[in-house]
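Peer 1: My questions all concern the structure below.
Please treat every number below as a calculation from the coordinates, not as lab data. Computed from a prediction, not measured in an experiment: that's the story for all the values here. In this analysis, Cβ positions are derived from the backbone assuming ideal geometry, glycine residues included, and neighbour counts consider all displayed protein chains.
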Amino acid sequence: MIKRSFIKLTGPRLLCDQVEPDPKKPETIPIPPRLVLLLHEPLDSTRETLIKKGDTVKRGERLFLYKESTEYAVSPVSGTITSIASYTGDFGTIATYFIVERDEKDTPSNGFAEIADTPNLKSADSFLRSLPGAPPLSRFTDPDCKINTLVIEGTDSDLMSTTRQYLLATSKEEIKRGIQILRQMTGVAKIAITVPENASDDLSAEGVQVFKISQVYPKALPQMIMQDHLEIIPVPGATCEDQGVTFMSIEAVISLAKAYAQKEPVFEKVLTVIAKDGTRHRVKAVIGTPLHRIFKQFKLQTNERDRIIVGGPMMGHAAYTLYHPVGPDTDTVQIQDRDAIPYVSDYPCINCGKCVRVCPANVPVNLLVRYLEADLYEEAADNFDLQSCIECGLCSYVCTARIPLFQYIQLGKHQLIELETEANNA
C-alpha cells in the first residue's frame, strides 16, 4: 500500500504488506526430476574438482568443489550429478552450479545424524549452512567476529512479501525450540526478535526481547533496527557483525529446530510468489527447484522481456533465466510484465531534492550520483557518504528524472571493493 502526502512536502509513505489474519498453508511444489544447486565458489578450469559429472550423491550429502574448499552445497535429493558449470551473477560475481538428476530410490546421508543429539556450533556450521533461511552460522564460528546480539527477523524487509510473517504466526513451537538451540550453541547474551507492531509478544516469556516494527518501509531493514531498537548507529562501510550484531531469518531458526528434531537437514523452503497482476501465492518448494516449475504449477505465463525478480520490488535483483533455482534465502519471487517495468533514463539530475528528503540515512544522493556517473568511486565514498547507504531503493523510487540511483550506488560499492582489493594486492 502506498500513501502520498496531500501537500507534497514529504516523500511517499510505503507500507509493508501484512499477513492475513487466518493465513492459508503454502501450496507444495512436487520435487522436480532435476534440481539446480548454487555454490558460492568460482569454478577453476585448471584445478581438478572433487565432485565430477556422473557422480552419485545422497540426500543431505555436502558437495565441496575442491579438497581445500570451505564452502559447500547440500543435495536435497539422492541422484546423479549431470552438469557442473559456472554461473555469473550480479556485478560479475562468479559461482558454480550443480544439476542433480533425482533417483527414485531415496538414500539419506547419515553424516549429521551421528552428531545431532548434542547441538554444537562447529558441527552445525559444518552441516547446516544450506538450511531454509540460510542460518549465518559461520559468523559465530569466525574468530574475528565477536557477536553479542542476535536479532531474529520475524518481519519481512521488502514490500509485498509476507513469508516471514506467515512463519512467525504459524510456527511458534519450532521458533521456541530453535531459540533454545541457538542460545545453547552460540552463548550469545542478548537475543531479540522482530515482530509486526500489531502482533502479540508472547515470545518474550522465552527470555527474548521483542522489537515491534513499524509497517512503514524501510523500518524492518537491519540498519534501521540497529538504530531504532538497539540504539547503535550504523558505521559507514562496516557490517552489522563488525558492530557485534547479527541478523537471522526466522525461517533459519525454524529449520534448525526441525533439523535437530528429525536428525537430518530439511530442504523445503517457504516463499511468496507474486504474479504480474499482483496476486500472491504462498509456496513450499525444495531448495534447488527451478522457478519455471513453480510458474507452471500456478499457470503463470512469462513472455520475452518480462522481468523475473528474486526478492521484493525495492531491493530484489533480476534473474537471468527461468531455470534460476529456489535458494535457502529466497523469500520472494515476482514476475513483472514487460509493459509495467519502470522506465529509466540517462537524463541528468534536475535537483528536485526528492532523493535527499526520502533517504533514511541522510545521504546527499543528488551529489553522490554525479560522482558515481563519472566513475569517481573513492571520491563518492570520501565526500558524499556512499558507504552510508542502506540500499533501501527509495531514491530510485522517487527520482523525477528516472535515474537508476539504486543500481548506481550498488555498482559504486562493488567497484570500491574492487579498487581496495587491487590496492591491497599491489
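Peer 1: Over the alpha-carbon set of the range 286-426, work out the extent along each principal axis and list the three values in angstrom, largest first.
Peer 2: Projected onto the principal axes, the Cα atoms of the range 286-426 cover 50, 41, 25 Å.
Peer 1: Spit out the partnerless Cys residues in the chain, using Cβ distances under 4.7 Å as the pairing rule.
Peer 2: Flagged as lacking a Cys partner: 16, 145, 240, 349, 352, 359, 389, 392, 399.
Peer 1: Here is a further query. Please enumerate, by chain and number, the aspartates and glutamates with C-alpha under 14 Å from the C-alpha of residue 52, excluding those fewer than 8 residues away in the same chain.
Peer 2: Filter leaves 44, 101.
Peer 1: Looking only at Cα atoms, what is the convex hull volume of the range 208-331 per residue, in Å³?
Peer 2: Numbers: hull volume 19.5 nm³, N = 124.
With only Cα atoms used, the range 208-331 gives 158 Å³ per residue.
Peer 1: Among 326, 286, which comes first, then next, by fewest other beta-carbon atoms within 10 Å?
Peer 2: Working: 326 27, 286 22.
Sorted ascending by nearby Cβ count, the order is 286, 326.
Peer 1: In addition: Please give every one of the aspartates and glutamates within straight-line cross-link reach of residue 146, meaning a C-alpha to C-alpha distance under 15 Å, and leave out same-chain neighbours fewer than 8 residues apart.
Peer 2: By straight Cα distance, residue 146 reaches 241, 242.
Peer 1: Can you sort 395, 359, 352 by how many other beta carbons sit within 10 Å, fewest first?
Peer 2: Working: 395 27, 359 23, 352 13.
Placing the least packed residue first, the sequence is 352, 359, 395.
Peer 1: Spelling out what I want: for every residue of the range 313-328, take phi, set θ = phi - 60°, compute 6.51 cos²θ - 1.76 cosθ + 1.60 (Karplus), and round to whole Hz; glycine and proline get x.
Peer 2: Along the range 313-328, the couplings run x, 8, 10, x, 10, 6, 8, 8, 8, 6, 8, 4, x, 5, x, x Hz.
Peer 1: Here is a follow-up. What share of all Cα pairs of the range 266-340, in percent, falls into each consecutive 5 Å distance bin?
Peer 2: 3, 16, 32, 29, 14, 4, 1, 0
Peer 1: Another question about this same structure. Of the listed peptides 246-256, 415-425, what is their order by residue-averaged count of other C-beta atoms within 10 Å, with the highest listed first?
Peer 2: Descending mean neighbour count gives 246-256, 415-425.
Peer 1: Mind giving me the FRET efficiency for residue 415 and residue 262? R0 is 41 Å, r the Cβ-Cβ distance, nearest 0.05 is fine.
Peer 2: On the way: r = 45 Å, r/R0 = 1.09.
Calculated transfer efficiency: 0.40.
Peer 1: Have a look at 347, 397, 166 and tell me which one the Gaussian network model of the chain (Cα, springs below 10 Å) gives the largest fluctuation.
Peer 2: 347
Peer 1: Running Debye on the range 11-130 with equal point scatterers at the Cα sites and no solvent, what base-10 log of I(q)/I(0) appears at q = 0.09, 0.13, 0.18 Å⁻¹?
Peer 2: -0.37, -0.68, -1.01
Peer 1: For the range 59-180, with equal point scatterers placed on the C-alpha atoms only and solvent neglected, what are the log10 I(q)/I(0) values from the Debye formula at q = 0.09, 0.23 1/Å, to two decimals?
Peer 2: Log10 of I(q)/I(0), two decimals: -0.36, -1.37.
Peer 1: Please go through the residue pairs 53/105; 172/269; 122/413; 25/299; 269/296; 24/269 and name each one whose alpha carbons sit more than 22 Å apart in this structure. Don't jump to the answer; show the numbers that get you there.
Peer 2: Numbers: 53/105 19 Å; 172/269 17 Å; 122/413 32 Å; 25/299 19 Å; 269/296 18 Å; 24/269 16 Å.
Checking Cα-Cα distances, 122/413 exceed 22 Å.
Peer 1: Ordered by packing density, taken as the mean number of other Cβ atoms within 10 Å over each peptide's residues, highest first, how do 301-307, 340-346 rank? Please report the intermediate quantities before stating the final value.
Peer 2: Working: 301-307: 11.9, 340-346: 10.3.
Peptide ranking by packing, descending: 301-307, 340-346.
Peer 1: If you average the alpha carbon positions of the range 157-187 and of the range 347-384, how far apart do those two centres end up, in angstrom?
Peer 2: 37 Å
Peer 1: Viscosity 0.890 mPa s, temperature 25 °C: what is the translational diffusion coefficient of the range 34-102 from Stokes-Einstein with a Kirkwood Rh over Cα pairs, rounded to a whole number of µm²/s? Can you show the working numbers first?
Peer 2: Working: Rh = 12.1 Å.
D, rounded to a whole number, is 204 µm²/s.
Peer 1: To the nearest 20 debye, what charge dipole does the range 266-340 have about its Cα centre, counting +1 at the Cβ of each Lys and Arg and -1 at the Cβ of each Asp and Glu? Write out the running numbers ahead of the final one.
Peer 2: Details: 11 positive and 8 negative charges, 44 e Å.
The calculated dipole for the range 266-340 is roughly 220 debye.
Peer 1: Could I ask something else about it? What size of dipole, in debye to the nearest 20, comes out for the chain about its Cα centre when the only charges are +1 on Lys and Arg C-beta atoms and -1 on Asp and Glu C-beta atoms? Walk me through the numbers on the way to the answer.
Peer 2: Values: 46 positive and 55 negative charges, 269 e Å.
Dipole of the chain, to the nearest 20 debye: 1300 debye.
Peer 1: May I pose another question? Where does helix 405-425 land angle-wise versus the long Cα axis of the chain, in degrees 0 to 90, nearest 10?
Peer 2: Orientation of helix 405-425: about 70 degrees from the principal axis.
Peer 1: Stokes-Einstein D for the chain at 25 °C, 0.890 mPa s, Kirkwood Rh over Cα pairs, in µm²/s?
Peer 2: Values: Rh = 22.9 Å.
D, rounded to a whole number, is 107 µm²/s.
Peer 1: If packing is taken as the average number of other Cβ atoms within 10 Å across a peptide's residues, how do 328-336, 186-194, 100-108, 129-137 rank, most packed first?
Peer 2: Details: 328-336: 22.1, 186-194: 17.6, 100-108: 14.8, 129-137: 23.7.
Averaged packing, sorted descending, gives the order 129-137, 328-336, 186-194, 100-108.
Peer 1: I need the per residue convex hull volume for the range 353-426, using only the alpha carbons, in cubic angstrom as a whole number. Kindly include the intermediate steps, with their values, before the conclusion.
Peer 2: Values: hull volume 5.5 nm³, N = 74.
Hull volume over Cα atoms, normalised by residue count, gives 74 Å³.
Peer 1: Also: Could you bin all the Cα-Cα distances of the range 115-262 into 5 Å bins starting at 0 and give me the percent of pairs in each, rounded to whole numbers?
Peer 2: 2, 10, 20, 23, 22, 15, 7, 2, 0
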